[in-house]
Amino acid sequence: MAKKYELPELDYAYDALEPYISAEIMELHHSKHHQGYVDGANAAVEALEKARAEGTAESQVAPIAKNLAFNLGGHANHCLFWRNLAPASGQKPEGALLDAINERFGSFEQFKKEYAATATSIQGSGWAVLAWDKFAKQLVIAQVTDGHQDNHPFGVVPLLLLDMWEHSFYLQYKNVKADYVEAFWNVINWEEVAKRFDHAANKPCPACGN
Ligand code: MN
């Protein structure tokens, strides 16, 4: 029997990110949207188990597997996203993470500019991601478009995610994505991002050895 995915509890209250992200958005986003991905992933796993038990043809299994990847991607990305958010604390990156940002982007301000441009230029739904590329051993900023997982190869470790699906900002920021991204800088849990960075940059990848 396959294990079930579960909606994680948040480390903060729904209104803890106000005024930058409204309680209304947070509650809907977590309890409805994220829950939807959890339910979708569990339903897909169940469908795969059933198909296996019934000896269903590969061609019929493939769309279920694709559905699982979509929903599991949504679940994973939201788990990472909630944990890289924190109530407004005036935090900034420091230490080795700040050094890596400066080395790659020249300055923290330039990094913010490039990250914001990456986020606001996503066409349709997607995610903006600061990641550690284990192959080049450097930070990269990437767009994940058309869902939750594409353009997200193994060996590239996500550190800081920003949900750019409309459900994450529209109720509060309408079509002004730039204001949503600007607000985001006030509610980042840089300690969590630094933890991810230390792990990604200092522990070899068991798959690729980098
Ligand atoms: Mn979302």
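Computed from the coordinates by the stated procedures, all read-outs in this text should not be read as laboratory data. Keep in mind that what you see is a predicted model, and the values were worked out from it rather than measured. Here Cβ is always computed from backbone atoms with ideal geometry, including for glycine, and neighbour counts include all displayed protein chains.
Below are the figures for this structure:
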quantity	calculated
Karplus-derived HN-Hα couplings along segment 129-144 (A = 6.51, B = -1.76, C = 1.60, θ = phi - 60°), whole Hz, x at Gly and Pro	9, 8, 9, 9, 8, 6, 7, 7, 6, 7, 6, 9, 10, 9, 9, 10
Distant-in-sequence amide H partners of Leu159 (H built 1.01 Å from N, under 5 Å)	Leu130, Ala131, Trp132
Within straight-line cross-link reach of Lys66, lysines at Cα separation under 28 Å, skipping those fewer than 8 residues along the same chain	Lys3, Lys4, Lys32, Lys50, Lys134
Projected label distance in nm at Asn175 and Glu6, using a 7 Å step from Cα toward the beta-carbon	4.3
Candidates per trypsin sites (Lys or Arg not before Pro) in segment 129-190, loop by DSSP, up to 14 other Cβ within 10 Å	Lys137, Lys174
Residue among Asn186, Asn84, Asn102 with the largest mean-square fluctuation in a Gaussian network model of the chain, springs linking Cα atoms under 10 Å	Asn102
Kyte-Doolittle mean at least -1.0 and Cα axial length at least 20 Å: DSSP H helices in the chain	35-54, 58-83
For segment 149-210, with +1 on Lys and Arg beta carbons and -1 on Asp and Glu, the positive-most of Phe169, Tyr180, Phe154 along the dipole	Phe154
